[in-house]
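Chemist: Submitted below is the structure of interest, expressed as structure tokens.
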Amino acid sequence: MDPDTVFVFGLVLGVLSIPAVVSAISDGRAPRVASVVLIIAGAMVLYAISEKPSGYAIEDIPAVVSSVVNSMI
């Protein structure tokens, strides 16, 4: 899989797991599954960064996301 695709999937998983963590904490439950998903998302982002020699600059992220979405459509 392309590092850009792994990076975008990791970002999406990370963003989607944050509300689950907040919800679990506010309900007084342990955020087990959400924490595991957040760790997996972080691992995906770190893998993508390590596989791409130049890395990802903050200003490049929207272009990377749009190119991955366009390639899937």
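The values are calculated or read from the model by the stated rules, or taken from the named source; none is laboratory data. None of the values given here were measured: they were computed from a predicted structure. Here Cβ is always computed from backbone atoms with ideal geometry, including for glycine, and neighbour counts include all displayed protein chains. For accessibility, only protein heavy atoms count, side chains too; no ligands or nucleic acids. Shrake-Rupley method; radii C 1.70, N 1.55, O 1.52, S 1.80 Å.
Chemist: Output the residues belonging to region 1-43 that are more than 19 Å from I58 (Cβ to Cβ), of a type in the set (G, A, S) and under 14 Å from the mean Cα position of the chain (by Cα).
Modeler: Result: S17, A34, S35, A43.
Chemist: Turning to a different aspect of this structure: List pairs: first in region 50-73 and of a type in the set (K, R), second surrounded by 14 or more Cβ atoms within 10 Å (Cβ to Cβ), Cβ under 8 Å, 6+ apart or cross-chain?
Modeler: Final answer for the pair search is K52/P3; K52/D4; K52/F7.
Chemist: Oh, and also: Quick one: how many residues across region 44-73 are within 13 Å of the chain's Cα centre (by Cα) and open to solvent by 60 Å² or more (accessible area, probe 1.4 Å)?
Modeler: Residues flagged as within 13 Å of the chain's Cα centre (by Cα) and open to solvent by 60 Å² or more (accessible area, probe 1.4 Å) within region 44-73 amount to 3.
Chemist: Continuing with this model, one more query. Would you check which residues across region 1-38 are more than 29 Å from N70 (Cβ to Cβ), outside any loop (DSSP other than H, G, I, E, B) and open to solvent by 60 Å² or more (accessible area, probe 1.4 Å) and list them?
Modeler: V22, I25, S26, R32, V33, V36
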